[in-house]
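Structure record follows, encoded as structure tokens.
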Amino acid sequence: MRTVPTILHLDMDAFYASAEQASKPSLRGKAVVVGGLGPRGVVATASYEARAFGVHSAMPMAQARRLAPNAAYLVPRFGFYREISEQVMGLLRTLSPLVEPLSLDEAFVDLEAGGVAWDEESARLTGERLRADIRAVTGLTGSVGLAASKMLAKIASEEAKPDGLVLIRPGTERALLGPMPVRTLPGVGPATGDHLRRAGITTVDEIAEAGEDELVRLLGKAHGHGLYAMALAHDERPVVAEREAKSVSVEDTYDVDLHDRLRIGLEVQRLADRCVRRLREAGLSGRTIVLKVRRYDFSTLTRSDTLRGPTDDPAVVREATARLLESVDTTGGVRLLGVGVSGLADYTQEDLFAQARLATGEAPGEEPPQPPQTSQPPQTSQAESADEPAEEEPAPAERIWRAGHDVRHAEYGHGWVQGSGLGRVTVRFETPDSPPGRVRTFRTDDPRLVPADPLPLVPREPGESETGEPEAPGPPPTAPTGAGTDDGSR
Ligand SMILES: [Mg+2]
């Protein structure tokens, strides 16, 4: 592990909700909840004002509505968030070739690899400058964690929230981690947390005291071993450049949670086969096998294993996923399973699991949300309350006005849909740089009302594109490969 705090973790503050508040002046300072509004919808992001009522991401939407009945409930606008995300990721890439996005609003950056930081002072300076740049370019705030490992950098950014920076001095990690609850460690969800608590283990220090053998006995070999290392603040995982995080994946959501371990195993095998079929159809192979498990309580785990060489062999993928499943606690039930293969060469798919998720009809939770990709259609199409497809086809036969989406009225100008029903649609007319606007109601088939693109949050400088069109995507980042990015060091 390095001895300087040059791994940076950036996490935008309440990203989707903050973007909506910046976009809609009437929602600033108010409780805003963004997520799936369908029957199984979950909260993707809650604004800090909504969090004060106890609403948090991954919570069932029905529960959020009970806690904060007067909050604004909005459907995510992934296209809009993705544009902001690209601006943020662009800023990160000016710091280092090693940028590892975890979601639209979260990424690790290896500052040392970029030559922009080499000690505590330069790291802190780079982090503060980044925060200022993000604010200037996007109008939004992000929190920065700096540490000598990915795990600690992420813990630091969490401590920094909202709108702050925390640097963890190398050497102080164990003292800092010790009193923290076990849930602080990556991979400890509510189920594992409960399991440990029943064994009398509630803090990170108590994990370290219990010893490795006890952890393995409680949680199985892979999980117990990994968790013990994390409790000692040992985390050697390198920051992996985006290019190497490309993947092919499939996933399924189950109507009824799966409890039977045997059945779960069979489902994982089936997904492994399906994933390999997709891989082969695309003429690809990959080195890293990923298993994703969302449990009954919406906590989501991913486990991965990197092979010595790339594979598209179903037997190898099946075996690897079965091994990964062994390290996952499925007590309480499983509502979603996914299998992915990443580490692909020359492959342009944007992200793991995203396309499958579009078909689940749920908004993603924040842990770990991933940008939807659009180059291929979703594999199944029960996308009833999924948000992206509607955005791709803005003119359904029967006009559906989605809460939170932008519109333009021939007479009143730019606004957003506040609600609709019974043949009426309510629109609030305001823009990011206007004062809070007025509400007007129209018939849903009013020909003067049309869907509109989101307006930029920060006015564009003269000389920049004024069409409101997103910039043409640039060439792929020219990350040097090999430079310490081999993730096979497990
Ligand atoms: Mg965030």
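The values are calculated or read from the model by the stated rules, or taken from the named source; none is laboratory data. In this text, all values refer to a predicted model and were calculated from it rather than measured experimentally. When we count neighbours, we look across all protein chains shown, and the Cβ atoms used for this are built from the backbone with ideal geometry, even at glycine.
The residues of segment 19-46 that are in a strand (DSSP E or B) and touching a residue at least 40 places away in the same chain (Cβ under 8 Å), listed by number, are Val32, Val33, Val34, Gly35, Val42, Val43, Ala44, Thr45. Only a single item in (1) within 16 Å of the ligand (Cβ to nearest atom); (2) at pLDDT below 95; (3) among the charged types (D, E, K, R); (4) within 22 Å of Leu457 (Cβ to Cβ) is not met by Arg93, and it is number (1). For segment 1-12, the candidate set comprises residues that are more than 14 Å from the ligand (Cβ to nearest atom) and crowded, with 24+ Cβ neighbours inside 10 Å; within that set, the residue that is nearest to Ser434 (Cα to Cα) is Leu8. The residues of segment 260-277 that are of a type outside the set (A, V, I, L, M, F, W, C) and without any contact (Cβ under 8 Å) to a residue 60 or more places away in the chain, listed by number, are Asp260, Arg263, Gln269, Arg270, Asp273, Arg277. Filtered by the rule that a residue be basic (Lys, Arg) and at pLDDT 85 or above, segment 272-319 gives Arg274, Arg277, Arg278, Lys292, Arg294, Arg295, Arg303, Arg318. Going by the structure shown, is Gly171 away from the ligand (no atom under 16 Å from the Cβ) and not aliphatic (A, V, I, L, M)? Yes: the conditions hold for Gly171. If only residues of segment 77-95 that are out of contact with any helix residue (DSSP H, G or I) (no Cβ under 6 Å at 6 or more places or on another chain) and part of a loop (DSSP other than H, G, I, E, B) are counted, the one that is surrounded by the most Cβ atoms within 10 Å (Cβ to Cβ) is Arg77. Of all residues in segment 148-207, those satisfying the criterion of being in contact with a Gly (Cβ under 8 Å, 6 or more places away or on another chain), free of Cβ contacts under 8 Å to residues at least 24 places away in the same chain and hydrophobic (A, V, I, L, M, F, W, C) are Ala160, Val166. Mind checking whether some residue in segment 147-157 is assigned to a loop (DSSP other than H, G, I, E, B), touching a strand residue (DSSP E or B) at 6+ places or on another chain (Cβ under 8 Å) and away from the ligand (no atom under 16 Å from the Cβ)? Yes; the residues of segment 147-157 include at least one that is assigned to a loop (DSSP other than H, G, I, E, B), touching a strand residue (DSSP E or B) at 6+ places or on another chain (Cβ under 8 Å) and away from the ligand (no atom under 16 Å from the Cβ). Annotation note: of Asp273, Asp205, Asp213, the sole residue that is touching a helix residue (DSSP H, G or I) at 6+ places or on another chain (Cβ under 9 Å), assigned to a helix (DSSP H, G or I) and over 23 Å from Leu325 (Cβ atoms) is Asp205.
Take the conditions surrounded by 19 or more Cβ atoms within 10 Å (Cβ to Cβ), in a strand (DSSP E or B) and either away from the ligand (no atom under 16 Å from the Cβ) or not β-branched (Val, Ile, Thr) (or both) and apply them to Glu49. Does it pass?
Numbers: surrounded by 19 or more Cβ atoms within 10 Å (Cβ to Cβ): yes; in a strand (DSSP E or B): no; either away from the ligand (no atom under 16 Å from the Cβ) or not β-branched (Val, Ile, Thr) (or both): yes.
It is false that Glu49 is surrounded by 19 or more Cβ atoms within 10 Å (Cβ to Cβ), in a strand (DSSP E or B) and either away from the ligand (no atom under 16 Å from the Cβ) or not β-branched (Val, Ile, Thr) (or both).
When each of Ala136, Ala113 is tested for being farther than 19 Å from Val240 by Cβ and either in a helix (DSSP H, G or I) or within 16 Å of the ligand (Cβ to nearest atom) (or both), the lone residue that passes is Ala136. Strands (runs of 3 or more DSSP E) fully within segment 394-450 that include at least 2 residues being free of Cβ contacts under 8 Å to residues at least 24 places away in the same chain and in contact with a strand residue (DSSP E or B) (Cβ under 9 Å, 6 or more places away or on another chain): 413-421, 424-429, 438-443. Residues of segment 7-18 that are touching a Gly at 6+ places or on another chain (Cβ under 9 Å) and in a loop (DSSP other than H, G, I, E, B): Asp13 alone.
Taking the condition within 16 Å of the ligand (Cβ to nearest atom), in the same structural domain as Ala156 (by TED's automatic domain parsing) and either crowded, with 17+ Cβ neighbours inside 10 Å or on the phi > 0 side of the Ramachandran plot (or both), does Leu98 pass?
no
With respect to (1) buried (at least 24 other Cβ atoms within 10 Å of the Cβ); (2) within 16 Å of the ligand (Cβ to nearest atom); (3) closer than 21 Å to Pro436 by Cβ; (4) among the hydrophobic types (A, V, I, L, M, F, W, C), the lone exception for Phe15 is condition (3).
Conditions (1) basic (Lys, Arg); (2) surrounded by fewer than 17 Cβ atoms within 10 Å (Cβ to Cβ); (3) over 26 Å from Ala58 (Cα atoms), marked per residue:
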position	(1), (2), (3)
Ala191	no, no, no
Gly200	no, yes, yes
Ala208	no, no, yes
Arg217	yes, yes, yes
Leu227	no, no, no
Ala231	no, no, no
Val240	no, no, yes
Ser285	no, no, yes
Arg294	yes, no, no
